Every structure is written in C-alpha cells, then in structure tokens.
Amino acid sequence: MVIRPSEPSQEDILSRCPSGNIIYDEIRGEWICADSGEVIAEHVIDRGPEWRAFTAEERDRRSRAGSPINIALHDSGLSTVIDWYGRDVTGRKIDLKKRLEMIRIRKWHTRMRVQSAAERNLMQALDELERLAEQLNLPRSVREEAAMIYRRAVERELVRGRAIDSMVAAAIYAACRIHGVPRTLDEIAKFSKSARKEIARCYRLLVRELSLKIPIVDAAEHAQRIASILGLSGATVKTAIEIIQKAREKGITAGRDPAGVAAAAVYIAALLNDERRTQKEVAMAAGVTEVTVRNRYKELTSVLSGEELGEKE
C-alpha cells in the first residue's frame, strides 16, 4: 500500500516561511519559499481541471460541471434539459425530420421530469414565483427564501385546496418581510392573479403553521424606496428618516401602516428641502391613498414641533 503524504496546513506553511512569500510550481507540484528556497511541500495534488482554457468562451465550452443547485427550481436544477439549439455537433442545421423527432423527445422528457402531483404543483408554483419576482424586481435571496417557504408549505400539505397563485404571492410577501425588502401586499396583489384579501389569508396561514419569524416593518425602508421612485435627493431621505425616528419616539407610528407613515414623512421632508411633490405623487409612489398621506401628515405635524421637523428659519 502506498501512503501519500498529506498536504500541509496553512499554519505549517507559515511556520516554515514566516514572510508568506511562497511560490507554487505547477509543473513540479511544489510549494517553495521564495526567501530561503526551501521546498515546503512536494507532490501536491492539483485539484483543478485536467484541461486548459485561454478564453472565457473556451472555458465555458470545455467545462463539464453544471450550474449550482438552485432551490427556486422544482428539481433544484439537478435534472438534464434538452436544448432547443437546432444544430448538430458539427454546426450544421438539423433537417426537418430530426427536428420533429427532437420536439417529441423534449415533450416526453418534460413529462418524465414530473413524477407526482406534488412535483407538478411545485413546478407550476415556482414558475409563477419567478414571474412575480421578475415583475417586482426582487433579489435572488428573496426568491430563494420564498421558494423555501413554499416547499415547506407543500411538505406540510398547506397548499392542498388553495390556489397556487395565492400561496406563491403569500410566500413572496413573507420572504420580503424576512429580508427587509419593502414591498406591500397591494403591490404584490397588483401583479398576482389573486385578490389581496386571499393573499393576506394565505400569508397568515404560512406565518402560523410554519412558525415564521417575521420582523417588524421599518417605515424608514419604505421612505428610502419612495424617495428613490420620486427622484428625491439624499438630504431629503435623511430628513424623512429623522422625522420617522422622532415620530417613533413620540409613539405616533404605533398601529399605523409603515408605508403611510413613510409617505407622510417623505412629503414633509420634500417640502422642507424645496423638492416639492404633490400628495398624489407621493401616494402613488408609496402604494397608498391620498387620504392616508393626508391623515398621517396631519398627525405628524400636530405632534412634532417645527424644530423637530427641521424647519428652516
């Protein structure tokens, strides 16, 4: 039996070459100290690919590794996919008979990827999730969190007897709340095929049955988003956040919709910084009504003094 020497740890390498000036000889497979010339380790296993590539296209073409696991796909991206590329390995176009045959193969291949009703439900739900996430411009972390929440709901059989669209929208809203991405139920319902009331009911079900820990919505996050939509400056955003913090200290924000409080704070901050926007414009950006903005505005201005609002003399 041949016993191969184990590769040295980082501590061993640094102890034998304190300066850290180490060179790796790819041909000989050796770690060498550039200061003393000592061979720290030899016969090091090259864990890279056995092929070489000199351009990005050549690297992609020669790589045999697939894409990483994607929880947002019903099979986690582990199954194969028959490409729609209409050419053979030599680059010549495939004739009509072969193309029709490939279409039939793709059809049966798609059917074989789904083995049960739960997988079929998951495939439809994740397709809807991807569509909604694209419409709402959500980051990858939120999409994966929503997919994980829906998978847990399928395992607990919470989706049985309920519309897929409603459960997907509820999972997305929960993921947005968990990751602090400001999206309201009204915004999600706008792009979903389900009504807001049904999405809210499914959301409460997910939170209760899956024991989701949903953080409290911060109005400051909504303020940043509203100001970005309206094209307001950073100074206005800062003023709006300060107004929200002072209102929170006074207890005005308790029991109020964070989007409405943020909209009123942005409206006040825009007035103070000479970047006037109408209540209608602010309400549309926040996804609330003008009445909500007006009521929150009256509450903030009646409780907070002129000095606290940062009024200029």
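Taking segment 114-137 as the range and being over 13 Å from V154 (Cα atoms) and among the charged types (D, E, K, R) as the test, the residues that pass are D127, E128, E130, R131, E134. Would you mind stating whether V217 is among the β-branched types (V, I, T), under 30 Å from A169 (Cβ atoms), buried (at least 23 other Cβ atoms within 10 Å of the Cβ) and touching a residue at least 40 places away in the same chain (Cβ under 8 Å)? No; evaluated as a whole, the condition is false for this residue.
Which condition breaks for E130 when tested against (1) touching a residue at least 12 places away in the same chain (Cβ under 8 Å); (2) farther than 14 Å from A170 by Cα? The one condition E130 does not meet is (2).
Table: residues versus (1) buried (at least 20 other Cβ atoms within 10 Å of the Cβ); (2) closer than 28 Å to A285 by Cβ; (3) touching a residue at least 60 places away in the same chain (Cβ under 8 Å).
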{"site": "E157", "(1), (2), (3)": "no, no, no"}
{"site": "A170", "(1), (2), (3)": "yes, yes, no"}
{"site": "C176", "(1), (2), (3)": "yes, yes, no"}
{"site": "I199", "(1), (2), (3)": "yes, yes, no"}
{"site": "V207", "(1), (2), (3)": "no, yes, no"}
{"site": "L210", "(1), (2), (3)": "no, no, yes"}
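Matching residues to (1) small (G, A, S); (2) outside the structural domain of A286 (by TED's automatic domain parsing); (3) closer than 23 Å to A223 by Cα:
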site: W108; (1), (2), (3): no, yes, no
site: A125; (1), (2), (3): yes, yes, no
site: E128; (1), (2), (3): no, yes, no
site: H179; (1), (2), (3): no, yes, yes
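What residue, among those in segment 146-155 that are free of Cβ contacts under 8 Å to residues at least 40 places away in the same chain and surrounded by fewer than 21 Cβ atoms within 10 Å (Cβ to Cβ), is farthest from E128 (Cα to Cα)? Filtering segment 146-155 for residues that are free of Cβ contacts under 8 Å to residues at least 40 places away in the same chain and surrounded by fewer than 21 Cβ atoms within 10 Å (Cβ to Cβ), the one farthest from E128 (Cα to Cα) comes out as E155. When R204 is tested against (1) outside the structural domain of A175 (by TED's automatic domain parsing); (2) within 17 Å of T184 (Cβ to Cβ), exactly one condition is not met: (1). Residue count for segment 183-197 under the criterion of being touching a residue at least 60 places away in the same chain (Cβ under 8 Å) and buried (at least 19 other Cβ atoms within 10 Å of the Cβ): the result is 2. In the set A254, A265, A235, only one residue is surrounded by 14 or more Cβ atoms within 10 Å (Cβ to Cβ) and either over 30 Å from E157 (Cβ atoms) or assigned by TED's automatic domain parsing to the domain that holds R156 (or both); that residue is A265.
Considering only segment 279-306, state which residues are surrounded by 19 or more Cβ atoms within 10 Å (Cβ to Cβ) and either on the phi > 0 side of the Ramachandran plot or of a type in the set (V, I, T) (or both). Of everything in segment 279-306, those that are surrounded by 19 or more Cβ atoms within 10 Å (Cβ to Cβ) and either on the phi > 0 side of the Ramachandran plot or of a type in the set (V, I, T) (or both) turn out to be V282, G287, V288, T292, V293.
The values are calculated or read from the model by the stated rules, or taken from the named source; none is laboratory data. In this text the structure is predicted, and so the values were computed from the model without any measurement. For neighbour counting, all protein chains shown are included, and Cβ atoms are generated from backbone atoms with ideal geometry for every residue, glycine included.
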